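Note sheet for the following structure.
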Amino acid sequence: MGDTPGTLGEPTLEEQIAAYQREFRDLDPQVEKIVSAISRLNRRMNVAYGRQTSALGISNAEWEVLKALVLSGAPYRLGPSDLAKRLGLTPAAMTHRIDRMVTEGLVTRERDESNRVRVIVELTAQGREKWLEAMRLATVFEEDLLQDLSPDERTTLGEVLTRLLRRVEHAQPDAGGRLTDLD
């Protein structure tokens with residue numbers, strides 16, 4: 001599988017690395033190829049996932065909330081501040097997102113009966129079904145993405161990427177969120 005330029009005239013990895021080397025001689029081309037490939041793969045995967053969630057009538061931002069609620073475990077409930085922290089959003093951005101999702105029937109927002117000051121966001125049956133539909137589509141996409149890798153290669157790739165992720169998480173423990181709100 002060779003490098004092909006993107007639809008917007010994006011250079012191949014080799015062209016990008018050659019340009020970088022021309023301008024910055026200290027560049028390690030092997031490192032740059034790995035990092036650039038991961039970056040491009042991430043960007044294209046996000047676009048693919050965005051198309052899938054859009055086809056289901058939800059945004060990537062809404063998908064993130066559904067995922068956070070599912071990851072919290074049954075009964076799939078979290079406070080807005082917990083959600084904001086998990087997603088790296090400001091409380092205002094989280095409130096805006098929850099407002100949309102309540103209107104769409106994906107979540108409910110209720111006062112906590114044991115603490116009337118606290119608000120609880122809970123996944124609805126419709127929200128859970130959207131999450132399941134998105135997971136089904138993602139599974140097909142991901143299996144297709146990895147189809148050329150043997151089970152051993154998948155294991156090795158998973159281990160290597162996990163090591164890289166741990167290194168970044170250790171060096172940048174606060175980098176799980178966003179620099180700015182996206183919606």
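Looking at segment 84-103, can you tell me whether even one residue there is outside any loop (DSSP other than H, G, I, E, B), of a type in the set (D, E, K, R), closer than 29 Å to Leu161 by Cα and modelled with pLDDT under 95?
Yes: one or more hits.
Can you name the number of the only condition in (1) without any contact (Cβ under 8 Å) to a residue 60 or more places away in the chain; (2) assigned by TED's automatic domain parsing to the domain that holds Asp82 that Thr162 fails?
Just one mismatch for Thr162, condition (2).
Can you go through Gly50, Gly73, Gly9, Gly57 and tell me which one is surrounded by fewer than 13 Cβ atoms within 10 Å (Cβ to Cβ) and closer than 14 Å to Ala134 by Cα?
Just a single option satisfies the conditions, and that option is Gly57.
Taking segment 31-80 on its own, how many of its residues are out of contact with any Lys or Arg (no Cβ under 9 Å at 6 or more places or on another chain) and on the phi < 0 side of the Ramachandran plot?
Looking only at that region, the number is 29.
Regarding segment 122-135, can at least one residue be identified that is under 17 Å from Lys67 (Cβ atoms), in contact with a strand residue (DSSP E or B) (Cβ under 9 Å, 6 or more places away or on another chain) and of a type in the set (Val, Ile, Thr)?
yes
Any idea which residue in segment 86-97 is surrounded by the most Cβ atoms within 10 Å (Cβ to Cβ), counting only those that are closer than 22 Å to Arg128 by Cβ and under 15 Å from the mean Cα position of the chain (by Cα)?
Leu89
The values are calculated or read from the model by the stated rules, or taken from the named source; none is laboratory data. Worth saying up front: this structure is predicted, and the values here are computed from it rather than measured. Methodologically, a virtual Cβ is constructed for each residue, glycine included, from the backbone with ideal geometry; neighbour enumeration extends over all protein chains shown.
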